[in-house]
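Trainee: My structure is below; once you've seen it, I'll send some questions.
The values are calculated or read from the model by the stated rules, or taken from the named source; none is laboratory data. In this text, all values refer to a predicted model and were calculated from it rather than measured experimentally. Cβ sites come from the backbone with ideal geometry, for glycine too, and all protein chains shown count toward neighbours. To get the accessible areas, we keep the full protein, side chains included, count just its heavy atoms, and leave off ligands, DNA and RNA. Shrake-Rupley method; radii C 1.70, N 1.55, O 1.52, S 1.80 Å.
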Amino acid sequence: MLLKYLPTNLLIFFKSTSIRTLAFSMLIVGFIVAFLLDLALGSVSIPIQEVINILLGQEAEKATWANIILKFRLPKAVTATLAGAALGVSGLQMQTLFKNPLAGPFVLGISSGASLGVALVVLTASVATPTLLNDLGIITDFGLVIAASLGAASVLGLMVVVARRVQETMTLLILGLLFGYATSAIVSILLQFSSKERIQSYIMWTFGSFAGVTWKQLIVLIPVIVCSLLVAVLQSKSLNALLLGEAYARSVGLTVKKARFSIISSASILAGGITAFCGPIAFLGVAIPHLCRSLFMSSDHRILIPGVMIMGGILALVADLFSQMAVSQMVLPLNAITALIGTPVVTWVILRRNSQKSLPS
């Protein structure tokens with residue numbers, strides 16, 4: 001009752017704050033449920049209570065259940081969480097940097113650049129010394145992250161240069177697709193000189209999967225992604241300033257070149273690190289930021305970045321569940337599931353922009 005006596009701006013503040021608190025609460029609950037379901041469901045179904053007991057270190061009813069969860073499903077669920085958060089934040093950074101609602105790691109060819117980096121390491125190494133990757137172990141894991149990040153940064157850097165000269169959204173997207181085709185062509189040439197085993201492994205990698213990442217590889221992946229996400233959180237004010245234009249950003253004391261370099265580096269490592277271990281995961285980077293903007297009704301990156309992390313984890317876990325459960329005795333390609341999730345969101349964004357343009361001024 002007391003709220004109606006408050007000034008209008010305070011009423012709006014309290015209402016928006018309560019909505020965002022509710023939205024964050026829903027996301028956290030949704031993430032916990034999705035995470036537990038991803039651990040419980042699969043070729044062997046395990047009761048949720050048993051999953052919780054195993055995570056808490058208690059003895060399971062069946063010893064095999066503990067092995068299934070701790071050795072296989074838990075690293076997969078952690079990988080899915082990291083992938084969803086990383087790709088979502090990377091997409092948000094690119095959409096702000098390019099002022100383009102359809103920008104994302106996959107759409108702008110960033111994932112293709114990361115794939116080229118991985119292909120150069122895996123396929124050329126197999127030509128020179130077939131056992132090199134197996135012998136190097138954790139060094140190779142770092143090498144894959146670096147190679148994928150450099151490949152992603154190369155394409156992203158080209159897109160930044162092009163974006164300064166090209167203002168039309170559709171032209172920028174077409175150029176991003178062209179860059180993606182060019183990197184794919186280089187990969188195709190590399191495939192011609194690789195062994196059949198490496199070609200088969202690379203093709204399976206391109207389908208996308210969270211299941212192939214081991215605890216040993218997570219030792220590399222977790223710090224890389226977590227540190228990059230922390231950098232993205234620290235970039236919130238810079239992203240908010242760039243959202244209002246470079247002129248405004250300079251007027252508030254932001255060094256635009258340094259901010260752009262920091263954003264490109266962070267986005268490249270996020271997209272490249274996930275691509276190196278999980279394959280090129282499509283559409284999540286485009287769809288997640290838009291879903292969060294609609295949920296929180298805000299463009300403030302201080303709100304969006306943590307929201308995107310949680311929602312990204314949820315959607316990646318859901319996609320992983322569908323890839324396992326959609327067809328019995330078979331695991332579907334992860335990219336097929338993420339495309340089914342992301343395509344309606346991208347379509348909605350395009351139709352909404354067209355309808356807004358058609359409205360009389």
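Trainee: What's the carbon and sulfur percent of segment 142-300's accessible surface, probe 1.4 angstrom, rounded to a whole number?
Mentor: Here carbon and sulfur together make up 70 percent of the probe-accessible area.
Trainee: State in Å² the accessible area per residue of segment 176-266; use a 1.4 Å probe, count heavy atoms of protein chains only, and round to the nearest integer.
Mentor: Per residue, segment 176-266 has 59 Å² of solvent-accessible surface.
Trainee: For a quick protection proxy, order the peptides 299-311, 182-194, 201-213, 268-280 by their average other-Cβ count within 10 Å, most packed first.
Mentor: Highest-to-lowest ranking by the protection proxy: 268-280, 299-311, 201-213, 182-194.
Trainee: Additional query: Based on the mean of other Cβ atoms within 10 Å per residue, sort peptides 153-159, 42-48 so the most packed one is first.
Mentor: 153-159, 42-48
Trainee: Hey, another quick one. Roughly how compact is segment 282-329, stated as its Cα Rg over 2.2 N^0.38 Å to two decimals?
Mentor: Here the answer is 1.35, to two decimals.
Trainee: Also, quick follow-up: Could you tell me which of Val44, Ala60, Phe72 has its Cα farthest along the dipole of segment 37-76 towards the positive end, charges placed at Cβ (Lys, Arg +1; Asp, Glu -1), taken about the Cα centre?
Mentor: Of the candidates, Phe72 comes out farthest on the positive side.
Trainee: To one decimal place, what orientation-averaged projected area in nm² is obtained for the convex hull of the Cα set of segment 157-291?
Mentor: Reported value for the Cα convex hull: 10.3 nm².
Trainee: What is the distance in Å between the Cα centres of segment 190-238 and segment 36-101?
Mentor: One Cα centre to the other: 16 Å.
Trainee: Calculate one ³J(HN,Hα) per residue across segment 66-78 by plugging θ = phi - 60° into the Karplus curve 6.51 cos²θ - 1.76 cosθ + 1.60, and present them in order as whole Hz with x for glycine and proline.
Mentor: With the stated coefficients, segment 66-78 comes to 4, 5, 4, 6, 6, 8, 10, 7, 5, x, 5, 5, 5 Hz.
Trainee: In segment 39-121, what percent of the accessible surface is made up of carbon and sulfur (1.4 Å probe, ligands and nucleic acids excluded)?
Mentor: 63 percent
Trainee: Could you give me D for segment 203-361, from Stokes-Einstein at 37 °C and 0.692 mPa s, where the hydrodynamic radius is the Kirkwood radius over C-alpha pairs? Units µm² s⁻¹, please.
Mentor: The estimated diffusion coefficient comes to 186 µm²/s.
Trainee: Right, here's the next one. Residue by residue, what Karplus-based ³J(HN,Hα) values in Hz, rounded to whole numbers, does segment 339-346 have, using 6.51, -1.76 and 1.60 with θ = phi - 60° and x for Gly and Pro?
Mentor: Per-residue couplings from phi come out as 5, 5, 6, x, 4, x, 5, 5 Hz.
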